[in-house]
Amino acid sequence: MPNTLVVGAGSAGCVLAARLSDDPAHTVLVLEAGQVWPATADIPAELLDPGHLPVGPESAVLWRYAGNLVRGKLIGGSGAINGSYFIRPPAAGFTDWNSERWTFDALLPFFRGLENDLDHGTDPGHGTDGPIPVVRTTDPTPFSAEFAERCAAAGLREVADLNALDAPDGFGRVPLAISGNRRAGPAITHLYPVLDRPNLTVVGETTVTRLVMTGSRAVGVEWVRGHEHGRTDADRIVLCAGAVESAALLLRSGIGPERQLRALGIPVVRPAPVGAWCTDHPEIGVEFPGPEPATSTVALEYVLEHDDLEFRPYTPVFTPGLRRLGVAHMRPTGAAELTLRSADPTVPAHIDQSRLLTAADRANLRAGVELACELFDLGFGPVDDHWLRANSGTSQHLSGTCRMGPANDEQSVVDELGRVHGIEGLSIADLSVVPVPLTRGPQATVVTLAAAIAACYAV
Ligand SMILES: Cc1cc2nc3c(=O)[nH]c(=O)nc-3n(C[C@H](O)[C@H](O)[C@H](O)COP(=O)(O)OP(=O)(O)OC[C@H]3O[C@@H](n4cnc5c(N)ncnc54)[C@H](O)[C@@H]3O)c2cc1C
């Protein structure tokens, strides 16, 4: 029986499994729903190409949900298919966590320890010894270069290093987790280098369907692999199945809002606000005619951070003949909701983002669309609420479905170490636990948090 069973070899799962198995006396089993190739050389080349996001209708490496929401279903999880953008939130982004343990200063050693920043590694707050290579483009595509010129002409500040300790708002080149024009996702940087450890086992194409409980203790998981069904027990179970599937697993196992569980015929093990307070970074794609962006090695080379908004001049073409400038709200104050529609594990969870943007958030997003239009001299129709609702989509940054906080906090599901309140032997260490919207894209934070939680488990 493994000491720790990790569900999901995604961004958090790869880091957690690697760190926990540093101790040869600790056995770790990882069950991953997607494909696990034996070595990095076996991974299809297009999945390693950072200029290619495998999110089209033909993609075989995705979990799909209503509202165009997708997640990676393969070793490395969403971190193996994402845009490689690797920006840390600024220190102020952690203030609202209201946690003494997870302040920016407490996380900084982990941010530093994970990275090998090839541009700014020797600057204060940076690292050169970590497994994740971080670089910025040196040869931007014409659209990215034009975006930077227009930001400068508008009097916006250029930020040399968006991951600098005191990086202010402004525009700059995106720190990217890539190496030699290949994605450097969490499987490549963390799991593959340790796959031959005798105390670490990673099994692919195995979907965990439910937790096995004995009273208030999680003792194992049920899984399905092709036509085979099985059960595996462990001393401790850590969910790293991502913000959708970790929450769905709790719900299917009887941990969640009582009314929802009863309506689905799921016996209630423990009432908890699972899925009730999640968040994302809603994004409007402002499209306009112009020379199509040249194909770049990455989807996003520059961003502008401005008033809780992030502006993203995408290099891929979404609509033929049009360029796209994304305007994303990075601190929405409403809440999205994740619910199960069925106890059947093959029915995807439902995510309702309609109440994520409050009136104040919509006003800010509207100002953002207006700034985007000013930057590119665009005439634009009325940006009213109807238009905003019709045109806003997900940044694919869903988080906070199982928020961390004290047990007496009505919105929290786990404690500061990711341990599920009221359940023994069960933790979560992925993006589900982040208690407030992250002020930047989540990838740098989720791997850092997993490393920090692993360090606490190891002591
Ligand atoms: C298309 C796309 C582009 C993105 N671009 C960026 C970007 O450029 N920068 C950025 O900061 N963020 C980006 N993100 C977001 C970021 O990649 C994710 O937020 C982050 O990877 C989430 O990490 P995680 O560990 O919580 O989940 P994931 O990385 O999604 O890992 C979950 C893993 O668990 C597995 N799993 C799920 N359920 C089960 C089950 N029942 N049994 C077994 N295994 C299971 C999954 O297959 C997956 O491997 C993007 C996301 C997407 C989808």
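Summary of values
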item	result
Karplus-derived 3J(HN,Hα), 6.51/-1.76/1.60, for each residue of the range 53-61, Hz, glycine and proline x	9, x, 10, x, x, 8, 5, 9, 10
Sites D96 and A41, calculated FRET efficiency, Cβ-Cβ separation with R0 51 Å, nearest 0.05	0.75
Table column - 3J(HN,Hα) (Hz), the range 65-70, Karplus curve with 6.51, -1.76, 1.60, x for Gly and Pro	9, 4, x, 6, 7, 9
For the range 1-148, the fraction of alpha-carbon pairs in successive 10 Å shells from zero, as %	9, 27, 37, 24, 3, 0
Expected-Rg normalisation [2.2 N^0.38 Å, Cα atoms] applied to the range 241-391	1.30
Stretchable slack from T333 to N408, in nm (0.36 nm times residue separation minus alpha-carbon distance)	24.8 nm
Debye log10 I(q)/I(0) for the range 71-151, one point scatterer per Cα, at q = 0.13, 0.20 Å⁻¹	-0.61, -1.09
For T358, distant residues with modelled amide H under 5 Å away	T333, G334
Surface/4 of the Cα convex hull for the chain, nm²	20.7
Estimated FRET transfer efficiency (D385, N68; beta-carbon r; R0 30 Å; 0.05)	0.90
Size of electric dipole in the range 8-115: Cβ of Lys, Arg +1 and of Asp, Glu -1, about Cα centre, debye, nearest 20	200
Förster radius 35 Å - calculated FRET efficiency between S59 and D105 (Cβ-Cβ, nearest 0.05)	0.30
Volume per residue of the C-alpha convex hull in the range 71-206, rounded to whole Å³	162
Gain upon complete extension [D344, D377; 0.36 nm per residue less C-alpha separation]	6.8 nm
Probe 1.4 Å, all protein chains present, accessible-area order of L165, L264, largest first	L165, L264
Apportionment of accessible area to carbon and sulfur, the chain, percent (1.4 Å)	51
Long-range HN-HN contacts of R419 with modeled amide H, under 5 Å	I428
Mean accessible surface per residue for the chain, computed with a 1.4 Å probe while every protein chain stays in place, in Å²	39
Helix axis angle, 242-252 relative to the chain longest principal axis, alpha carbon, degrees	40
Virtual spin-label span in nm between A25 and A152, 7 Å along Cα→Cβ	5.8
The range 1-82: GluC sites (Glu not before Pro) in DSSP coil with no more than 11 other Cβ atoms inside 10 Å	E58
Relative packing of 151-162, 179-190, 74-85, 403-414, which averages over residues the other C-beta atoms within 10 Å, highest first	74-85, 179-190, 403-414, 151-162
Size of charge dipole - the range 300-453 - debye, nearest 20, with Cβ of Lys, Arg +1 and Asp, Glu -1, no other charges	320
Hull volume in cubic angstrom per residue (convex hull over the Cα atoms of the range 382-459)	117
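The values are calculated or read from the model by the stated rules, or taken from the named source; none is laboratory data. All values derive from a computational prediction rather than experimental measurement. Because the Cβ atoms are built from the backbone with ideal geometry, glycine has one as well, and the counts that use them run over all protein chains shown. Keep in mind that these areas ignore ligands, DNA and RNA; they rest on the heavy atoms of the full protein, side chains included. Shrake-Rupley method; radii C 1.70, N 1.55, O 1.52, S 1.80 Å.
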